[in-house]
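I have placed the structure first, in the form of structure tokens, so that the comments after it can refer back to it.
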Number of protein chains: 2
Amino acid sequence: LKVAAGRKRVTGEGASTVLRSLDEVLQKAKQFPTRRVAVAVAEERSVLEALAAADRERLAYPILVGDRAKIEALCAEVGLAPDRCQIQHQPSDVKAAQDAAVLVRCGQADLLMKGHLHSDDFLRAVLDKETGLRMGVLMSHVFILELREENRLVFLTDCAMNVAPDLVQKAQIVLNAVYLAHLFGYAKPTVAVLAAVELVNPGMPATVEAAVLAKMSERRQFPDCIIDGPFALDNAVSLAAAQTKGLGGPVAGRADILLVPDIEAGNILAKSFAHLAKGRLVGVVVGARAPIILTSRADSAEAKMLSIATASLMCSLERTQRLKIGKVHY
Amino acid sequence: LKVAAGRKRVTGEGASTVLRSLDEVLQKAKQFPTRRVAVAVAEERSVLEALAAADRERLAYPILVGDRAKIEALCAEVGLAPDRCQIQHQPSDVKAAQDAAVLVRCGQADLLMKGHLHSDDFLRAVLDKETGLRMGVLMSHVFILELREENRLVFLTDCAMNVAPDLVQKAQIVLNAVYLAHLFGYAKPTVAVLAAVELVNPGMPATVEAAVLAKMSERRQFPDCIIDGPFALDNAVSLAAAQTKGLGGPVAGRADILLVPDIEAGNILAKSFAHLAKGRLVGVVVGARAPIILTSRADSAEAKMLSIATASLMCSLERTQRLKIGKVHY
């Protein structure tokens, strides 16, 4: 499959070329200063392994919040030296999550990462109005999938935070992903709203919301991207499949961003990509005061390290490009 | 990944070994008599190509209902000879769908296949109480995915017919898939109920329904299969991922049947398997008086031919094994 030709590049200070693979993300991240990562409940081997790898690449300086004795023992096992990190003792999981968020909120850390605690407890600390990382917009999760054969990245959202977003929330989820795509050099990303079919069917709400978002885009209510839908997945990512179905336009078959109907469809797609298609993907939360890394225990160590690289690069590009998350014009 | 050892085989007349690949399905189908396929609105090149391929394998004898002139022209193009099929002229799409269903209902055809008409119009003919193919149970669609590395098939349902099934409908969808799995030699299939997470969360109905179905299975309300859930996809198909999450039992990591939460999640998973994982899959409708083949225009000719082979084998095994679709014991 061919990638759409002639994509414009973001211009201005810190402008990036279009990042087309996770290796390019990693290489680019290494060109910027090391970022400080506050880790909530850091006593988790696979997280510390990823941090040790990120330290070797000079991507991240870990600030490990949690049970000091457990952390020290695991650091020794994974080869993260005491002078390459900082440990902040806090044996309570809930307080450790809060402390880690506060480190980011106060500017003592650049990134936040989830360690060995339930996602719900972690997100409660992130969303806390007093001590969390709210910025006034809905936070959402974005997976970045590497399509190797096509030499491009696809931004998939939201597969991990918002369970059953309504139309207003979906609009914000799109804008958060567009912001991330802009940072990574995709100047006017194409957004495919996914459903099970391409025809609008009043009995299938995902298709109705897709139609509404597409029309809003046509009315220029989303100035920084081009949205179309509903699409079945094949017609969003494969030009051949889109052509067979007679679907035209700039989005069909070459979407940069995929908006899923709900968390079930999204999570199943992300897992399918990792476990059945054996593809590489990374994840990051957008819409907070700083990038947040939420990895799953079943992720490979490489995937976790690449997620740290992605968040680190996102932080660096935010500081050089000074982009803002867009708003919908209602 | 290892496949569960010691799986029992179905015994009795026409008993099959466990079919582990689509090539095995094709070879097995060829051991039985050729089946007559009634095609609704047959004037569609890719459908006729698949039928020509199925004819070469002696899998199917096409009875083509639709516009005779268009069908004859396309048959000449794809190499389906006049003496290898039968044409029944009916220029109206709606009537052609009805006529094709009636051919099956009256025993003049063994299988029904969708041609060049909208799925809704096709299904209306299938579901018609007077002339359709209802049997008194909910009809559902099952995709059969070929996991080549693991040398096994996985039954994925329902990605194409039931939009947002409730608990009672999900139970029947499971039973329909179990019936198909039995026919294909999976004597007591394991069923994973998919969601976005493994923990039951009252805010995520897919996890709640999974918990209920799993408990019903534990109470032996589904005697012919073993159901567990909720599972994220990775923990249903990968033993390593299941072990990382500490999930045990006979289903985790080695599910034969995957029940998706709704049509969006299911369709996206099936499309991801075909287009991102480049896997082979076939689809068939279960719960009707005869197997029904619903292919998508974007499917490859090979996929369509394998779907005909699958339906043909299903028909043959139904006649030799005399299994019945199970019931839930409420």
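Against chain B, whose longest principal axis is taken from its Cα atoms, helix B:205-218 shows a tilt of about 80°.
Taking every C-alpha pair closer than 8 Å and separated by at least 6 residues, the mean separation divided by the residue count of chain B gives a relative contact order of 23 percent. Helix A:263-275 and the longest principal axis of the C-alpha atoms of chain A enclose an angle of approximately 70°. The distance linking segment A:153-212 with segment B:20-41 is 40 Å (Cα centroid to Cα centroid, whole angstrom). When each of the peptides A:218-226, B:293-301, A:164-172, A:56-64 is scored by the mean number of other C-beta atoms lying within 10 Å of its residues, the order from highest to lowest reads A:56-64, B:293-301, A:164-172, A:218-226.
Inter-chain Cβ neighbour count for B:291-302, averaged per residue, equals 2 (cutoff 10 Å, partner chain atoms only). Using a 7 Å projection from Cα along Cα-to-Cβ, the label point at residue B:95 is separated from the same position in the remaining copies by 8.1 nm, smallest value first. Between residue B:300 and residue A:200, the C-beta separation translates, for a Förster distance of 22 Å, into a calculated FRET efficiency of about 0.20. Label zone of residue A:187 (point 7 Å out along Cα→Cβ, amide N under 19 Å): in segment A:195-234 this covers A:222-227. Between 0 and 90 degrees, the angle of helix B:301-321 with respect to the longest Cα principal axis of chain B falls at about 80 degrees. Peptide A:255-266 has a mean shielding of 5, counted as Cβ atoms of other protein chains within 10 Å of each residue's Cβ.
For chain B, the Cβ-based charge dipole about the Cα centre amounts to some 1020 debye (Lys, Arg positive; Asp, Glu negative; other atoms uncharged).
Across segment A:186-330 the C-alpha pair distances fall into 10 Å bins from zero in the proportions 11, 33, 37, 19, 1 percent. Of the trypsin sites (Lys or Arg not before Pro) in segment B:117-162, the ones in a loop by DSSP (not H, G, I, E or B) with at most 16 other beta carbons within 10 Å are B:129, B:148. Take each residue in B:61-74, count the other chain C-beta atoms within 10 Å of its C-beta, and the mean is 0. The mean sequence distance of close C-alpha pairs (under 8 Å, at least 6 residues apart), as a share of the length of segment B:202-312, puts its relative contact order at 14 percent. For segment A:102-226, the equivalent ellipsoid built from the Cα gyration tensor has semi-axes of 29, 18, 15 Å, listed from largest to smallest. When only the Cβ of Lys, Arg, Asp and Glu is charged (+1, +1, -1, -1), the dipole of segment B:183-330 relative to its Cα centre reaches about 500 debye. Here the relative contact order of segment A:29-133, from alpha carbon pairs under 8 Å that lie six or more residues apart, stands at 34 percent.
Ordering B:168, A:303, A:119 by Cα displacement along the dipole of the protein assembly as shown toward the positive end leaves A:303 in first place; charges were set at the Cβ atoms of Lys, Arg (+1) and Asp, Glu (-1). Computed with the Debye formula from one identical point scatterer per Cα of chain A, without solvent, the log10 of I(q)/I(0) at q = 0.07, 0.09, 0.15 Å⁻¹ comes to -0.27, -0.45, -1.20. Between residue B:76 and residue B:17, the simple label model (points 7 Å from Cα in the Cβ direction) yields a spacing of 4.6 nm. By the rule of a C-alpha distance below 15 Å, with chain neighbours fewer than 8 residues away ignored, the aspartates and glutamates paired with residue A:114 are A:43, A:44, A:49, A:67, A:93, A:99, A:299.
Here the label points at residue B:224 and residue A:149, each 7 Å from Cα along the C-beta direction, are separated by 3.7 nm in the simple model. Computed from the Cβ-Cβ distance with R0 of 41 Å, the FRET efficiency linking residue B:324 to residue B:84 stands at 0.75. Partners of residue A:327 within straight-line reach, counting lysines whose Cα lies under 23 Å from its Cα and excluding those fewer than 8 residues away in the same chain: A:8, A:129, A:170, A:188, A:215.
Since every read-out is calculated from the coordinates, none of them should be taken as a lab result. What you are looking at is a predicted structure, and each value in this text was computed from that prediction instead of being measured. Glycine gets a Cβ as well: all are built from the backbone with ideal geometry, and neighbour counts include every protein chain shown.
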